[in-house]
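Here's the structure we're looking at; comments come further down.
The values are calculated or read from the model by the stated rules, or taken from the named source; none is laboratory data. Fair warning: this is a prediction, and the values are worked out from it, not measured in the lab. We place every Cβ from the backbone using ideal geometry, glycine too, and count neighbours over all the protein chains shown. These area figures cover heavy atoms from the full protein model, side chains too; ligands, DNA and RNA do not enter into them. Shrake-Rupley method; radii C 1.70, N 1.55, O 1.52, S 1.80 Å.
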Amino acid sequence: MKYLVTGAAGFIGTNFVYHMLEKHPSDLIVGIDNLSYAGNIKNLKKAQENSNFVFRQADITDQDAMTALFKEFGFDYVINFAAQTHVDRSIVDPGIFVKTNVLGTQILLDLARETGVKRFHQIGTDEVYGDLPLEATDQFFVETLPLKASSPYSASKAAADLLALSYNRTFGLPVTVSRCSNNYGPYQFPEKLIPLMLINALNDKNLPVYGDGMNVRDWLYVEDHCEAVDTILHNGRDGEVYNVGGHNEMHNIDIIKIILKELGKPESLITFVTDRKGHDLRYAIDPTKIHNELGWLPQTKFADGIKSTIRWYLDNKDWWEEIVSGEYREYYRKMYENR
Ligand code: NAD
Ligand code: TYD
């Protein structure tokens, strides 16, 4: 079997490549990434030692490059992780989100259709449902909810999901979509909450908490997400959406306090800053469908996952020091200075 993994040098794409090489040792995994700011080829160094892995630097919005790639390999499966992914960046510059997340997905869908793939899996996000009230703890995201995206990021992801599902209905392309909650784990780019707070704390820098820190996210260890995608890819039903999450809702401020405690750093580093525009209050997945239909359940408890994530960042200082000393410095200044 031949798999195309787009966004392979990003956070989840990298973890997924390693997952697939281990779980499907006789299959070929082709990873592509345009190596934008969030993609790091060094993530895939070990994978490149495996003869079942091929990496190509390529952009999903480049029609000619994608056409040549599909022609060269004749993929059985396409898993589309490639995207612009940071809500804060989408508030500053929505255009590249529409181009990458919508146009890029359409180019891949057309090629998947033309070349007759067995399955096109679109990596979606729970953010397409908008948010839930903080106090309504009996309400969860189910697959049948209408889409109500709040940010340009989530709106572009919602458009991509709908396009993918429309290719199933209109053209009969075998499509599945997963909508996962917030991931954490190794290789996450330091612009996102957990690595940002971890790295700032290690450097004794202020921890910029948006608003009052009471927003809720539903955290899932990245390997559990990879296993869910693998399961849907092989056993999911065409044209279906599967929510992926493990009932692990936490207030941002509580996550930050756990990180500080693990690192032995003082809570005085916490600084409350101006809230994100349109900031979603609460995300909470109902994973009943994927559990009942496909038997998937998360395997990693948050208490263990956060410890191994912190360990990974402590053991891989070179990885993040190179990032935070590069163009990220300018990003951080613009996003957080005078906030
Ligand atoms: P990421 O930003 O770490 O990785 C995205 C990767 O896509 C990067 O390597 C980037 O270089 C690449 N990319 C961007 N534009 C591209 C283009 N035009 N062509 C080729 N590659 C391109 O993000 P992530 O957290 O790994 O997210 C991966 C996917 O999972 C995204 O689709 C995201 O919406 C979805 N998702 C993420 C989370 C989360 O908590 N991180 C949760 C649910 C869903
Ligand atoms: P983030 O990691 O950007 O993921 P998402 O917004 O896609 O869920 O943010 C997670 C939560 O943390 C979100 O409620 C915003 C908050 N946050 C902060 O309080 N400070 C920060 O510096 C960042 C990056 C996020």
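Here are a few things to note about the model shown:
- Restricting the calculation to alpha carbons of the chain gives Rg and Dmax of 19.2, 57 angstrom.
- The accessible area of Lys23, taken with all protein chains in place and a 1.4 Å probe, comes to roughly 100 Å².
- Separation in nanometres of the label points that stand 7 Å from Cα toward Cβ, at Thr115 and Glu321: 4.1
- Within the chain, percent of DSSP bridges classed antiparallel, to nearest 5: 10
- Sorted peptide list for 44-56, 212-224, criterion being average Cβ within 10 angstrom, highest first: 212-224, 44-56
- Report note on the peptides 153-163, 126-136, 266-276: ranked by the mean count of other C-beta atoms within 10 Å, highest first, their order is 153-163, 126-136, 266-276.
- For His24, solvent-accessible area (1.4 Å; no DNA, RNA or ligand), Å²: 40
- Residues of the chain: accessible area per residue with a 1.4 Å probe, Å²: 42
- The stretch 49-90 and the stretch 91-117: distance between their alpha carbon centers, rounded to Å: 11
- The stretch 131-217 - convex hull of alpha carbons, volume per residue in Å³: 144
- Of all accessible heavy-atom area on the chain, the percent that carbon and sulfur account for (1.4 Å): 50
- Taking all protein chains together, Tyr77, Tyr18 sort by accessible area into Tyr18, Tyr77, largest first [probe 1.4 Å].
- Ranking by accessible area, most exposed first, for Lys261, Lys192 with a 1.4 Å probe: Lys261, Lys192
- Angle in degrees between helix 63-73 and the longest Cα principal axis of the chain, rounded to the nearest 10: 60
- Within the same chain, lysines fewer than 8 places from Lys334 are excluded, and of the rest, those with a Cα less than 30 Å from its Cα are Lys42, Lys99, Lys148, Lys157, Lys192, Lys205, Lys257, Lys261, Lys265, Lys277, Lys317.
- Cβ-based net charge around Thr274, under 15 Å, with every Lys or Arg adding one and every Asp or Glu removing one: 0
- Probe 1.4 Å, all protein chains present, accessible-area order of Lys265, Lys71, Lys118, largest first: Lys71, Lys118, Lys265
- Cα-based helix-to-principal-axis angle, 152-171 vs the chain, degrees rounded to 10: 20
- Structure-based [θ]222 nm, the chain - -39500 (n - 2.57) summed over DSSP H runs of at least 4, per residue, nearest 500: -12500 deg cm²/dmol
- Peptides ranked, highest mean first, by Cβ atoms within 10 Å: ranges 324-333, 30-39, 180-189: 180-189, 30-39, 324-333
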